[in-house]
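Below: the structure, in structure tokens.
None of the figures in this text is laboratory data; all of them are computed from the coordinates on show. Being a predicted model, the structure only gives us computed values, none of them experimental. Quick reminder, even Gly has a Cβ in these numbers, built from the backbone with ideal geometry, and neighbours come from all protein chains shown.
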Amino acid sequence: MNFDFSEDQKQLKDQARRFLENKSSSKAVRRILETPEPFDRELWKGLAEMGFLGTVIPEEYGGLGAGYLELCVIAEELGRSVAAVPFSSTVYLTAEFLLAAGSEAQKQKYLPRIAAGEMIGAFAYAEGVGNASARNVHTSVSGGKLSGVKLPVLDGDVADIAIVAVKAGKGLSLYIVELDAPGIARTVLETIDPTRSQAKIEFTSAAAELLGAEGAGEEIIERVLDRAAVLTAFEQLGGADRALEMARDYALGRMAFGRPIGSFQAIKHILADMYVSATLARSNCYYGAWALSTEAGELPQAAATARVSATQAYQHCSKNNIQVHGGMGFTWEFDCHLYYRRSNLLALTLGSLSQWEDTLIDRLAKRNAA
């Protein structure tokens, strides 16, 4: 595979970086972290005005009608700026579920509002401790009324609609639930990264509308999660690269015994390991981007590979960024903790690292056996 982004896509990346450096500075992220605000509403509005929320939504539904490569470069810059917005829940998941399985009426109803920034979405799959899976779903539906408990739901406290996984007669099914309806109670959960909130959602005979065919939920979820895994990996890549840059810049500017600490062998080795980790993640993310944009049959393996590699890189780089900063790296005043928090939250988004490692092993084994 010989892959790179086009000049237009690189220009879009530069445009996104300039926009986010202005609108999602560390000061703006800290404002969300230090106040009761659940997300940056001004940034959300700006992302809608830039068209980023509707990047892959077709024009007939109010989007830009661009491709997944454009969304990948935007995702990377969102990760670099640790943007405090429910972008992944709404764009990588909710919009993708609607595009993959929604009826024409459902697409017309919800996608234009998502593209315009008027609607936030969430995906309610997990039901407690452990990795979410079809066999762990107990939420039920009867007569169009849904009952059960979902937690944690990323951005569930601020979402307007949720795509809910339900155990139905023919297997796992998906339902759309408008979260301002009767029979719904939401509780905000404490997380390591309060700039991306999570919630417990309790459904008690809440009105729900079937999304896609009954019993087809597991197949749809796998397809959407593979796409979301590539996009989330690009967010993690952006964060890992920024953590590496912060560590490098500090090592070059911090003096000890009359020399920059970056000249000491121990610091050189830490930075070199961070660079190798981030570079390997970039290679695997590009593989995922290629597979996603071309609908290649390799997408399941590529998505899992990108997800595993980017998760490892972000956690490694964010942790060692603190180490390079020394005692100052553990303080509230330095920005290291913003990336460490986000790396740990994203490590559990869409499933844990160990779950994706197992998925990758299974998919490679199936490919080799074919």
Can you tell me the 0 to 90 degree angle between the C-alpha axis of helix 353-369 and the longest principal axis of the chain, rounded to 10?
70
Please report the spacing between the Cα centers of segment 32-83 and segment 157-199 in Å, no decimals.
21
Could you give me the percent of Cα pairs per 10 Å distance bin for segment 121-215, shortest bin first, beginning at zero and ending with the bin that holds the maximum distance?
18, 54, 25, 3
LYS107: which lysines have alpha carbons under 29 Å from its alpha carbon, excluding same-chain residues fewer than 8 sequence positions away?
LYS13, LYS45, LYS145, LYS150, LYS167, LYS170, LYS200
Semi-axes (Å, rounded, descending) of the ellipsoid equivalent to segment 255-370 per its C-alpha gyration tensor are 34, 15, 11
For segment 233-316 the GluC sites (Glu not before Pro) that pass both the DSSP coil test and the at-most-11 other-Cβ-within-10 Å test are GLU295
Choice from GLY212, GLY148, GLY130 showing the highest fluctuation, given a GNM over the chain with Cα pairs closer than 10 Å
GLY130
Tally Lys/Arg at +1 and Asp/Glu at -1 over every other residue whose Cβ is under 15 Å from the Cβ of GLU202; what's the total?
+1
To test your reading of the geometry: what angle, between 0 and 90 degrees and rounded to tens, separates the Cα axis of helix 41-50 from the longest principal axis of the chain?
80
Output the 0 to 90 degree angle, nearest 10, between the alpha-carbon long axis of helix 68-80 and the longest principal axis computed from the alpha carbons of the chain.
50
Whole-Å distance, taken between Cα centres, linking segment 121-142 and segment 267-329
28
If you work out Kirkwood radius over Cα pairs in Å from the coordinates, which of [x] 21.8; [y] 27.2; [z] 21.1 do you get?
[z]
Ranked from fewest to most other Cβ atoms within 10 Å of their own Cβ, MET50, MET274, MET246, MET328 fall in the order MET328, MET50, MET246, MET274
Could you work out the helix-only [θ] at 222 nm for the chain, with each DSSP H run of four or more residues adding -39,500 (n - 2.57) and the total divided by the number of residues, to the nearest 500 deg cm²/dmol?
-17500 deg cm²/dmol
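From the square roots a ≥ b ≥ c of the eigenvalues of the alpha-carbon gyration tensor of segment 7-115, which class results: rounded (a/c under 1.5), prolate (a/b over b/c), or oblate?
Values: a/c = 2.39, a/b = 1.41, b/c = 1.70.
Taking the square roots of the gyration eigenvalues as a ≥ b ≥ c, segment 7-115 is oblate.
Please return the longest range in the chain lying between exposed loop sites, taking chymotrypsin sites (Phe, Trp or Tyr not before Pro), DSSP loop only, at most 12 other beta-carbon atoms within 10 Å, and leaving the sites out.
Values: sites that count: PHE257, TRP332.
No qualifying site falls inside 1-256, the longest such stretch.
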